[in-house]
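**Student:** What follows is a structure written as structure tokens; I'll ask about it next.
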Amino acid sequence: MRLIGAASIVFMLATAFAVSGLAPATRAEQNAAVSERELGTRHRDGQAIFRFDTFGDEQLWTDVLRMHEVIPTVDPATALAVGLKVDVDALPDEVVAALRAGDVDLTNPAVTVELLRLNAVVGVKGSVNDVGHLTKVGVTCALCHSSVDNSFAPGIGRRLDGWANTDLNVGAIVALSPALDEATKVEFRTWGPGKYDPRHHAFDGTNIIPLNSPSLPIVIPPIYGLAGVGFETFTGDGPISYWNSYVGVGQMGGKGNFSDPRIGLFIKQSPDLVTPKLRTLLDYQLSLRAPRAPKGSLDEAAVTRGRRLFRNEAQCATCHQGPNFTDVLSGPDGRGPFLHDAAETGMDPAYAARTATGKYRTTPLRGLLQHPPYFHDGSAPDLLAV
């Protein structure tokens, strides 16, 4: 029997693929498919970091603040009232059915511990032992920068990653800590829902370090729609991963390294559980798209008039330049942020003075409808006030 040559085999396979409609992929297509798979893997890994990784910040929330002693005394109704959210997809079917039937006592603190055991409290990760005692607690990025769609009940639903939790009263929650003095607790309680002061203090792995006083809380921002923006903080202190490092180490209390001589903050811990994850976390954050306005919610004629005003008479587009609706990347060297003095923006200079730049960047407007209040201090409750 005569052997078929290699070239003939290639021809026959190509013909078979063509006949079946499955032409062999080109090298570029193969590379694209691999890249897409790799990107999908990175997004899944980044999502897991964003939702569930505490970076070892139990060293702050458990060892220093002793929140594991307090949380078991807080019932679910109270937890929901201070803005904590519950991921309905993390609940077993029997728990969902019991909630629907009204058979779950939301005034029972033991239910809060059980929700933590199920990993269902958005942004809070707890360790529960065999006898039902909460032994350790930490927080994740999702605590402040995720919400839920309230599809099951207020505060209970499917996750909305990247949405600011404007109901979250961080100050009131932290003020429950038995480790804080009363004056600090009083100050934290003034923050109110949806606000946090990232320039008030920092944590170096052992001690809470005072940075600035009195406290000047700012609005917790959404983190969707950041692809192409470059600098996501109100004052453009650095690119996204700079801020993730600052918050992950100095604010969340994760084990890691952060250094910025501009603000005189130097934190070094080993092992560094934050820095190696910044790239993957960034990939996921940049994949979060800004939500569109609900269908039928806009007056199209008004949209047309507004577009003309935005671009022409009102001159909003002078600073809110497309496609990212910010001029922060229009600096002369193309690397550093283009910023504005507080007087130019009409904003209070006090908070900016505590930052690395002392100025404000033009805020991107993606998903604007979905995240009132506006300005860094929340001084405009709605767009008409803006």
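**Student:** What nm value, rounded to one decimal, do you get for the distance between residue 183 and residue 77 when each label is placed 7 Å out toward the C-beta?
**Tutor:** About 3.7 nm, to one decimal.
**Student:** Also, quick follow-up: Given 10 °C and 1.306 mPa s, compute D for the chain with the Stokes-Einstein relation, Rh being the Kirkwood radius over Cα pairs; round to the nearest whole µm²/s. Provide the component values of the computation, followed by the final result.
**Tutor:** Details: Rh = 23.4 Å.
The calculation lands on 68 µm²/s.
**Student:** Per 5 Å bin, what percent of the C-alpha pairs of the range 336-386 does each bin hold, from zero upward?
**Tutor:** Reading the bins upward from 0: 4, 19, 27, 24, 19, 7, 0.
**Student:** Per residue Cα convex hull volume for the range 240-386, in cubic angstrom?
**Tutor:** Numbers: hull volume 22.1 nm³, N = 147.
Cα convex hull per residue, to the nearest whole number: 150 Å³.
**Student:** Which value in nm describes the separation of the simple spin-label points at residue 369 and residue 117, placed 7 Å from the Cα toward the beta carbon?
**Tutor:** 4.3 nm
**Student:** Taking the Cα centre of the chain as the origin, how large is its charge dipole in debye, to the nearest 20, when only Lys and Arg (+1) and Asp and Glu (-1) carry charge on their Cβ atoms?
**Tutor:** 1200 debye
**Student:** Quick check: Cα centre of the range 313-386 to Cα centre of the range 54-102, how many Å?
**Tutor:** With the range 313-386 and the range 54-102 each reduced to a Cα centre, they are spaced 35 Å.
**Student:** Sticking with this structure for a sec: Accessible area of residue 252, 1.4 Å probe, to the nearest 10 Å²?
**Tutor:** Per-residue accessible area (residue 252): approximately 20 Å².
**Student:** Where does the charge balance sit around residue 137 when Lys and Arg score +1, Asp and Glu -1, over other residues with C-beta under 10 Å from its C-beta?
**Tutor:** Working: positive: 66, 125, 136; negative: 57, 58, 69.
Charge balance in the 10 Å sphere: 0.
**Student:** What ranking, highest mean first, results for peptides 100-113, 289-302 when packing means the other Cβ atoms within 10 Å averaged over each residue?
**Tutor:** Taking the mean over residues of other Cβ atoms within 10 Å, the ranking is 100-113, 289-302.
**Student:** Given a Förster distance of 25 Å, report the FRET efficiency between residue 190 and residue 385 from their Cβ-Cβ distance, rounded to the nearest 0.05.
**Tutor:** 0.70
**Student:** Here's a follow-up. How much net charge surrounds residue 178 when only the other residues with a Cβ under 12 Å from the Cβ of residue 178 are counted, with Lys and Arg +1 and Asp and Glu -1? Show your work: numbers first, answer last.
**Tutor:** Values: positive: 66, 185; negative: 69, 181, 182.
Computed value for this residue: -1.
**Student:** Among 90, 172, 350, which one shows the biggest mean-square fluctuation in a GNM of the chain, springs joining Cα atoms closer than 10 Å?
**Tutor:** Top of the fluctuation ranking is 350.
**Student:** Something else now. Once the other residues with Cβ under 15 Å from the Cβ of residue 262 are scored (Lys, Arg +1; Asp, Glu -1), what is the net sum?
**Tutor:** Details: positive: 199, 354, 359; negative: 237, 260.
Around residue 262, the surrounding residues sum to +1.
**Student:** Simple spin-label model, 7 Å along Cα-to-Cβ: residue 316 to residue 292 in nm?
**Tutor:** 2.0 nm
**Student:** Something else now. Once you have the alpha carbon radius of gyration of the range 57-135, what is it after dividing by 2.2 N^0.38 Å, with N set to its residue count?
**Tutor:** 1.08
**Student:** Hey, another quick one. Between 169, 271, 92, whose Cα lies farthest towards the positive end of the dipole of the chain when Lys and Arg beta carbons carry +1 and Asp and Glu beta carbons carry -1, centred on the Cα centre?
**Tutor:** 271
The values are calculated or read from the model by the stated rules, or taken from the named source; none is laboratory data. None of the values given here were measured: they were computed from a predicted structure. Note that we place each Cβ from the backbone using ideal geometry, even for glycine, and neighbour counts take in every protein chain shown. The accessibility values were calculated without ligands, DNA or RNA, using every heavy atom of the protein model including side chains. Shrake-Rupley method; radii C 1.70, N 1.55, O 1.52, S 1.80 Å.
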